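Student: My questions all concern the structure below.
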Amino acid sequence: MIEDKVLMINPVAPDQRVWVIHQAAQRLMRKDIATVLKKTVKELDDVELEEFLASVEETAVEVEKNIVKIFSVEGTNEYDEVRNKFFGGSTAPIPTFDYEPNI
């Protein structure tokens with residue numbers, strides 16, 4: 001069971017914004033989708049459910065890390081083109097951080 005607690009954050013202020021990736025909801029949805037796929041896709045018959053779920057989660061974590069890298073300050077110009085396209089000409093990295101609340 002995933003316990004979903006809410007941490008109140010005011011995401012918009014006059015000069016700043018906070019973007020939050022809500023991982024608990026994503027994890028639950030991935031688990032549900034992967035379980036349904038495992039039960040309905042014949043090609044997955046020989047794959048253990050726990051192994052399949054772990055693989056899906058591992059891939060999702062890598063995707064999330066790469067999305068965060070687009071916005072992060074990592075001393076690289078690798079994502080300048082993406083930032084320029086989506087942030088109105090600005091290629092300035094956006095401060096990012098990852099945390100797991102100790103609730």
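Bear in mind that the values in this text are calculations on the coordinates, not laboratory data. Remember, it's a predicted structure, so these values are computed and weren't measured experimentally. Note that we place each Cβ from the backbone using ideal geometry, even for glycine, and neighbour counts take in every protein chain shown.
Student: Using the structure shown, select from Lys65/Lys85; Lys31/Lys65; Lys38/Lys85; Lys38/Lys65 the pairs with a Cα to Cα distance greater than 28 angstrom.
Tutor: Working: Lys65/Lys85 20 Å; Lys31/Lys65 19 Å; Lys38/Lys85 38 Å; Lys38/Lys65 26 Å.
From Lys65/Lys85; Lys31/Lys65; Lys38/Lys85; Lys38/Lys65, over 28 Å: Lys38/Lys85.
Student: Something else about it: Calculate the FRET efficiency for Thr59 and Val18 from the Cβ-Cβ distance with a Förster distance of 25 Å, rounded to the nearest 0.05. Could the numbers behind the result be given before it?
Tutor: Values: r = 26 Å, r/R0 = 1.06.
The pair Thr59/Val18 has a calculated efficiency of 0.40.
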